[in-house]
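Structure first, commentary second.
The values are calculated or read from the model by the stated rules, or taken from the named source; none is laboratory data. Please read all numbers here as calculations on a predicted model, not as lab measurements. Cβ atoms come from the backbone with ideal geometry, glycine included; neighbour counts cover every protein chain shown. Remember, those area values only see protein heavy atoms, side chains included, never the ligands or the DNA or RNA. Shrake-Rupley method; radii C 1.70, N 1.55, O 1.52, S 1.80 Å.
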Amino acid sequence: MIETQLYISVNRKTDLEKIKEILMLSKIESPVYIAEYGQHFGINFRSQHEEWQIDTRICESFPGYELTTDLHRGKKEIRLEISRYQSELCTTKWGSPIDNPLNETKYLIKKTVETPITFSPEVRVLFGSIEKTYYINIISGIKESTDEKGFLLAKEFKNQADPKTADFFPDRLYKTQLEAFHRGKDRLESIVDEDHKEILVLQKKEKLQREKIPRKIIREFIKNCNASNYDSIIKDLSQNFQFEIRVEWRQKLSTSGLDEFKNYLEAAYQELCERDFKIKSSWSFLKQDVGVNLETFTPPQETEEDLKRLYKIRLNFRLEEEKIIQIILEK
(Lines give C-alpha, C1' and ligand atoms only; values in the text may rest on other atoms or scores of the structure.)
Protein backbone atom coordinates (compact mmCIF):
# COMPACT_ATOMS: atom_id res chain seq x y z
CA MET A 1 0.00 0.00 0.00
CA ILE A 2 1.25 3.47 -0.90
CA GLU A 3 0.92 5.85 2.01
CA THR A 4 1.72 9.56 1.74
CA GLN A 5 2.64 11.62 4.77
CA LEU A 6 1.65 15.28 4.44
CA TYR A 7 2.81 18.18 6.56
CA ILE A 8 1.56 21.75 6.21
CA SER A 9 3.27 24.65 7.99
CA VAL A 10 0.94 27.66 8.25
CA ASN A 11 3.30 30.60 8.88
CA ARG A 12 0.56 33.20 9.29
CA LYS A 13 -1.72 32.21 12.12
CA THR A 14 -4.58 34.17 10.56
CA ASP A 15 -4.52 31.72 7.61
CA LEU A 16 -5.39 28.71 9.77
CA GLU A 17 -9.18 28.89 9.34
CA LYS A 18 -8.84 29.08 5.57
CA ILE A 19 -6.56 26.00 5.52
CA LYS A 20 -9.00 24.10 7.74
CA GLU A 21 -11.79 24.83 5.26
CA ILE A 22 -9.61 23.52 2.40
CA LEU A 23 -8.91 20.30 4.31
CA MET A 24 -12.59 19.80 5.10
CA LEU A 25 -13.51 20.30 1.42
CA SER A 26 -10.84 17.76 0.48
CA LYS A 27 -12.60 15.12 2.66
CA ILE A 28 -9.43 13.71 4.19
CA GLU A 29 -10.26 10.18 5.41
CA SER A 30 -7.64 10.03 8.18
CA PRO A 31 -7.27 12.14 11.34
CA VAL A 32 -5.69 15.55 10.80
CA TYR A 33 -3.46 16.87 13.59
CA ILE A 34 -3.10 20.62 14.19
CA ALA A 35 -0.43 21.83 16.61
CA GLU A 36 0.66 25.36 17.49
CA TYR A 37 4.41 26.15 17.53
CA GLY A 38 5.12 29.72 18.59
CA GLN A 39 4.68 31.73 15.42
CA HIS A 40 3.13 29.03 13.18
CA PHE A 41 0.77 26.05 13.07
CA GLY A 42 1.87 22.59 12.02
CA ILE A 43 -0.68 20.28 10.36
CA ASN A 44 0.07 16.64 9.59
CA PHE A 45 -1.85 13.56 8.44
CA ARG A 46 -1.47 10.37 6.42
CA SER A 47 -3.38 9.44 3.29
CA GLN A 48 -3.55 6.68 0.69
CA HIS A 49 -3.62 9.45 -1.92
CA GLU A 50 -1.23 12.31 -2.73
CA GLU A 51 -4.10 14.82 -2.21
CA TRP A 52 -3.01 17.10 -5.06
CA GLN A 53 -6.39 18.86 -4.91
CA ILE A 54 -5.17 20.56 -1.73
CA ASP A 55 -2.48 22.39 -3.75
CA THR A 56 -5.09 23.53 -6.28
CA ARG A 57 -7.44 24.84 -3.60
CA ILE A 58 -4.59 26.63 -1.78
CA CYS A 59 -3.64 28.50 -4.96
CA GLU A 60 -7.31 29.38 -5.57
CA SER A 61 -7.70 30.63 -2.00
CA PHE A 62 -4.61 32.88 -2.11
CA PRO A 63 -4.82 35.00 -5.28
CA GLY A 64 -1.49 36.56 -6.21
CA TYR A 65 0.40 33.63 -4.67
CA GLU A 66 1.81 30.42 -6.15
CA LEU A 67 3.20 27.12 -4.88
CA THR A 68 6.75 26.50 -5.98
CA THR A 69 9.83 24.48 -5.10
CA ASP A 70 12.05 27.44 -6.11
CA LEU A 71 12.47 30.10 -3.45
CA HIS A 72 14.07 32.60 -5.86
CA ARG A 73 17.17 33.01 -3.65
CA GLY A 74 15.03 33.25 -0.50
CA LYS A 75 14.03 36.87 -0.95
CA LYS A 76 10.29 36.35 -0.43
CA GLU A 77 8.10 35.61 2.56
CA ILE A 78 7.03 31.96 2.79
CA ARG A 79 3.38 32.15 3.72
CA LEU A 80 2.83 28.39 3.83
CA GLU A 81 4.74 25.15 3.24
CA ILE A 82 3.34 21.80 2.18
CA SER A 83 5.50 18.67 2.24
CA ARG A 84 4.82 15.17 0.95
CA TYR A 85 6.81 12.09 1.84
CA GLN A 86 6.50 8.46 0.79
CA SER A 87 8.66 5.72 2.29
CA GLU A 88 10.86 3.69 -0.03
CA LEU A 89 9.30 0.60 1.58
CA CYS A 90 5.87 1.44 0.15
CA THR A 91 4.56 -0.97 -2.49
CA THR A 92 1.83 -0.92 -5.09
CA LYS A 93 -1.35 -2.99 -4.64
CA TRP A 94 0.44 -5.71 -6.58
CA GLY A 95 3.31 -5.72 -4.09
CA SER A 96 5.89 -4.02 -6.30
CA PRO A 97 8.09 -1.21 -4.94
CA ILE A 98 7.10 2.23 -6.20
CA ASP A 99 9.33 4.25 -8.52
CA ASN A 100 10.49 7.67 -7.32
CA PRO A 101 8.69 7.90 -3.96
CA LEU A 102 7.63 11.45 -3.13
CA ASN A 103 9.87 13.62 -0.98
CA GLU A 104 9.17 17.25 -1.79
CA THR A 105 8.28 20.56 -0.23
CA LYS A 106 6.40 23.38 -1.92
CA TYR A 107 6.33 26.97 -0.71
CA LEU A 108 3.50 29.45 -1.02
CA ILE A 109 5.04 32.74 -2.10
CA LYS A 110 3.91 35.77 -4.07
CA LYS A 111 3.82 35.18 -7.79
CA THR A 112 6.96 36.20 -9.60
CA VAL A 113 6.53 38.95 -12.12
CA GLU A 114 8.97 38.29 -14.92
CA THR A 115 10.75 41.49 -15.86
CA PRO A 116 13.50 41.85 -18.44
CA ILE A 117 16.98 42.18 -16.98
CA THR A 118 18.44 45.59 -17.66
CA PHE A 119 22.07 46.57 -17.31
CA SER A 120 24.39 49.48 -17.81
CA PRO A 121 27.27 49.19 -20.29
CA GLU A 122 29.48 50.87 -17.70
CA VAL A 123 31.60 48.64 -15.45
CA ARG A 124 33.45 50.35 -12.62
CA VAL A 125 36.58 48.71 -11.26
CA LEU A 126 38.37 49.59 -8.03
CA PHE A 127 42.16 49.36 -7.89
CA GLY A 128 42.61 50.09 -4.20
CA SER A 129 41.58 53.74 -3.86
CA ILE A 130 41.61 54.27 -7.64
CA GLU A 131 38.38 53.83 -9.59
CA LYS A 132 38.29 53.37 -13.37
CA THR A 133 35.30 53.06 -15.69
CA TYR A 134 35.16 50.60 -18.57
CA TYR A 135 32.50 50.04 -21.19
CA ILE A 136 31.06 46.86 -22.64
CA ASN A 137 29.90 48.15 -26.01
CA ILE A 138 27.25 46.04 -27.72
CA ILE A 139 26.06 46.75 -31.25
CA SER A 140 23.37 45.22 -33.46
CA GLY A 141 24.54 42.74 -36.08
CA ILE A 142 23.36 40.28 -38.68
CA LYS A 143 24.73 37.00 -40.02
CA GLU A 144 24.76 37.51 -43.77
CA SER A 145 24.59 33.80 -44.65
CA THR A 146 21.29 33.31 -42.83
CA ASP A 147 20.01 36.87 -42.26
CA GLU A 148 19.92 36.01 -38.56
CA LYS A 149 19.82 39.13 -36.38
CA GLY A 150 21.59 39.45 -33.09
CA PHE A 151 24.25 41.39 -31.23
CA LEU A 152 28.00 41.85 -31.58
CA LEU A 153 30.63 42.71 -28.99
CA ALA A 154 32.76 45.75 -29.82
CA LYS A 155 36.52 45.60 -29.26
CA GLU A 156 36.52 48.99 -27.49
CA PHE A 157 36.40 48.69 -23.68
CA LYS A 158 37.88 51.96 -22.38
CA ASN A 159 35.51 54.39 -24.09
CA GLN A 160 31.98 54.45 -25.38
CA ALA A 161 32.00 53.21 -28.96
CA ASP A 162 30.14 54.58 -31.97
CA PRO A 163 27.93 51.70 -33.23
CA LYS A 164 28.42 52.85 -36.83
CA THR A 165 32.22 52.75 -36.81
CA ALA A 166 33.11 50.38 -33.96
CA ASP A 167 35.32 47.41 -34.70
CA PHE A 168 33.88 44.19 -33.30
CA PHE A 169 34.76 40.57 -32.54
CA PRO A 170 33.59 38.55 -35.56
CA ASP A 171 33.65 35.15 -33.87
CA ARG A 172 30.09 35.16 -32.56
CA LEU A 173 26.67 36.70 -33.05
CA TYR A 174 24.86 36.75 -29.71
CA LYS A 175 21.13 36.14 -29.46
CA THR A 176 20.59 38.60 -26.61
CA GLN A 177 22.32 41.72 -25.33
CA LEU A 178 22.70 40.11 -21.90
CA GLU A 179 24.57 37.17 -23.40
CA ALA A 180 26.92 39.59 -25.16
CA PHE A 181 27.33 41.58 -21.94
CA HIS A 182 28.43 38.51 -19.97
CA ARG A 183 30.95 37.57 -22.66
CA GLY A 184 32.18 41.16 -22.64
CA LYS A 185 32.83 40.97 -18.91
CA ASP A 186 34.93 37.85 -19.48
CA ARG A 187 37.00 39.61 -22.16
CA LEU A 188 37.31 42.71 -19.97
CA GLU A 189 39.21 40.82 -17.28
CA SER A 190 42.43 40.55 -19.30
CA ILE A 191 42.33 44.30 -20.03
CA VAL A 192 41.74 45.10 -16.36
CA ASP A 193 44.62 42.79 -15.34
CA GLU A 194 47.02 44.68 -17.65
CA ASP A 195 45.83 48.04 -16.31
CA HIS A 196 46.29 46.74 -12.78
CA LYS A 197 49.91 45.82 -13.51
CA GLU A 198 50.56 49.32 -14.89
CA ILE A 199 48.94 50.92 -11.84
CA LEU A 200 51.08 48.82 -9.48
CA VAL A 201 54.26 49.84 -11.32
CA LEU A 202 53.23 53.51 -11.19
CA GLN A 203 52.30 53.28 -7.49
CA LYS A 204 55.66 51.69 -6.73
CA LYS A 205 57.48 54.54 -8.50
CA GLU A 206 55.38 57.12 -6.66
CA LYS A 207 56.02 55.37 -3.35
CA LEU A 208 59.79 55.32 -3.92
CA GLN A 209 59.73 59.00 -4.89
CA ARG A 210 57.60 59.88 -1.87
CA GLU A 211 59.92 58.01 0.49
CA LYS A 212 63.16 59.23 -1.07
CA ILE A 213 63.62 62.40 1.01
CA PRO A 214 62.52 60.87 4.38
CA ARG A 215 64.93 57.97 3.83
CA LYS A 216 67.76 60.37 3.05
CA ILE A 217 67.05 62.52 6.12
CA ILE A 218 66.88 59.49 8.45
CA ARG A 219 70.01 57.85 7.04
CA GLU A 220 71.90 61.13 7.50
CA PHE A 221 70.62 61.39 11.08
CA ILE A 222 71.80 57.86 11.96
CA LYS A 223 75.14 58.42 10.19
CA ASN A 224 75.76 61.64 12.14
CA CYS A 225 74.78 59.96 15.40
CA ASN A 226 77.34 57.23 14.75
CA ALA A 227 79.98 59.91 14.09
CA SER A 228 78.86 62.12 17.04
CA ASN A 229 78.59 65.05 14.60
CA TYR A 230 76.33 67.15 16.83
CA ASP A 231 75.86 70.08 14.46
CA SER A 232 74.81 67.75 11.64
CA ILE A 233 72.55 65.72 13.95
CA ILE A 234 70.33 68.69 14.69
CA LYS A 235 70.31 70.29 11.22
CA ASP A 236 67.18 68.35 10.14
CA LEU A 237 65.37 68.70 13.46
CA SER A 238 62.53 71.20 13.93
CA GLN A 239 62.72 73.87 16.63
CA ASN A 240 60.00 72.16 18.69
CA PHE A 241 61.60 68.72 18.33
CA GLN A 242 60.41 66.05 20.79
CA PHE A 243 62.51 63.05 21.86
CA GLU A 244 61.32 60.12 23.93
CA ILE A 245 62.70 56.79 25.14
CA ARG A 246 60.32 53.92 25.88
CA VAL A 247 61.20 50.64 27.52
CA GLU A 248 58.54 47.98 26.97
CA TRP A 249 56.08 50.73 25.97
CA ARG A 250 56.67 52.72 29.18
CA GLN A 251 58.21 56.18 28.98
CA LYS A 252 61.70 56.29 30.46
CA LEU A 253 62.89 59.73 29.28
CA SER A 254 61.59 62.67 27.26
CA THR A 255 62.98 65.99 26.03
CA SER A 256 61.21 68.98 24.55
CA GLY A 257 62.93 71.42 22.18
CA LEU A 258 66.40 71.41 20.62
CA ASP A 259 68.24 72.66 23.72
CA GLU A 260 67.02 69.80 25.91
CA PHE A 261 67.89 67.29 23.18
CA LYS A 262 71.42 68.77 22.82
CA ASN A 263 71.91 68.40 26.57
CA TYR A 264 70.87 64.76 26.32
CA LEU A 265 73.37 64.07 23.51
CA GLU A 266 76.20 65.66 25.50
CA ALA A 267 75.35 63.86 28.76
CA ALA A 268 77.62 61.18 30.19
CA TYR A 269 75.00 58.51 29.49
CA GLN A 270 73.11 58.66 26.20
CA GLU A 271 71.97 55.98 23.74
CA LEU A 272 72.32 57.51 20.27
CA CYS A 273 75.91 58.59 19.56
CA GLU A 274 79.08 56.61 18.76
CA ARG A 275 77.28 53.27 18.64
CA ASP A 276 77.82 52.23 15.00
CA PHE A 277 74.13 51.51 14.37
CA LYS A 278 73.17 49.45 11.32
CA ILE A 279 69.72 49.50 9.71
CA LYS A 280 68.62 45.86 9.79
CA SER A 281 65.04 45.62 8.53
CA SER A 282 62.58 47.00 6.02
CA TRP A 283 61.31 50.49 6.64
CA SER A 284 57.71 51.13 7.64
CA PHE A 285 55.92 54.21 6.34
CA LEU A 286 52.57 55.46 7.57
CA LYS A 287 51.71 59.00 6.46
CA GLN A 288 54.16 61.23 8.43
CA ASP A 289 55.58 58.39 10.51
CA VAL A 290 58.59 56.27 9.56
CA GLY A 291 59.86 53.33 11.60
CA VAL A 292 63.24 51.63 11.32
CA ASN A 293 64.99 48.92 13.35
CA LEU A 294 68.65 49.28 14.28
CA GLU A 295 71.26 46.87 15.62
CA THR A 296 74.70 47.37 17.19
CA PHE A 297 77.25 45.60 19.33
CA THR A 298 78.32 48.91 20.90
CA PRO A 299 76.78 49.63 24.30
CA PRO A 300 75.64 53.10 25.41
CA GLN A 301 78.31 55.45 26.74
CA GLU A 302 79.50 55.20 30.34
CA THR A 303 78.51 51.53 30.78
CA GLU A 304 80.45 48.43 31.75
CA GLU A 305 78.21 46.01 29.83
CA ASP A 306 79.65 43.14 27.77
CA LEU A 307 80.86 44.57 24.45
CA LYS A 308 79.82 41.41 22.56
CA ARG A 309 76.14 41.78 23.37
CA LEU A 310 73.80 42.59 20.46
CA TYR A 311 71.63 45.64 21.10
CA LYS A 312 68.38 46.17 19.20
CA ILE A 313 66.34 49.36 19.17
CA ARG A 314 63.60 50.85 17.05
CA LEU A 315 63.47 54.49 16.06
CA ASN A 316 60.10 55.95 15.10
CA PHE A 317 60.41 59.25 13.26
CA ARG A 318 57.71 61.80 12.55
CA LEU A 319 58.48 64.25 9.76
CA GLU A 320 56.81 67.45 8.69
CA GLU A 321 57.93 69.67 5.79
CA GLU A 322 61.22 67.75 5.50
CA LYS A 323 62.03 68.25 9.18
CA ILE A 324 62.07 65.67 11.97
CA ILE A 325 59.60 66.83 14.61
CA GLN A 326 59.69 63.73 16.84
CA ILE A 327 61.76 60.60 17.52
CA ILE A 328 60.65 57.78 19.81
CA LEU A 329 63.37 55.29 20.75
CA GLU A 330 61.90 51.90 21.72
CA LYS A 331 63.78 49.00 23.27
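In segment 299-316, is there at least one residue being open to solvent by less than 20 Å² (accessible area, probe 1.4 Å) and among the aliphatic types (A, V, I, L, M)?
yes
Provide a single number: the residues in segment 187-201 that are open to solvent by 50 Å² or more (accessible area, probe 1.4 Å) and free of Cβ contacts under 8 Å to residues at least 60 places away in the same chain.
Here the count works out to 9.
For the condition in contact (Cβ under 8 Å) with a residue 24 or more places away in the chain, touching a Pro at 6+ places or on another chain (Cβ under 9 Å), charged (D, E, K, R) and surrounded by 14 or more Cβ atoms within 10 Å (Cβ to Cβ), what is the one hit in Arg275, Arg215?
After ruling out the rest, the residue left standing is Arg275.
Kindly provide the set of residues from segment 224-264 that are of a type in the set (Phe, Trp, Tyr) and in contact with a Ser or Thr (Cβ under 6 Å, 6 or more places away or on another chain), ordered by number.
Hits for segment 224-264 are Phe243, Phe261, Tyr264.
In segment 93-120, how many are of a type in the set (S, T, N, Q), modelled with pLDDT under 75 and either farther than 30 Å from Ile138 by Cβ or over 41 Å from the mean Cα position of the chain (by Cα) (or both)?
Total satisfying the criteria: 1.
Considering each of Ile78, Ile139 in turn, give the residue that is modelled with pLDDT of 85 or more, of a type in the set (Val, Ile, Thr), in a loop (DSSP other than H, G, I, E, B) and out of contact with any Gly (no Cβ under 7 Å at 6 or more places or on another chain).
When all the criteria are applied, what remains is Ile78.
With Ile222, Ile217 as the choices, which residue is modelled with pLDDT of 90 or more, part of a helix (DSSP H, G or I) and touching an Asp or Glu at 6+ places or on another chain (Cβ under 6 Å)?
Exactly one residue qualifies, and that residue is Ile217.
Farther than 30 Å from Lys207 by Cβ, modelled with pLDDT under 95 and assigned to a loop (DSSP other than H, G, I, E, B), is that true of Gln251?
Here the answer is no, as Gln251 does not meet what is asked.
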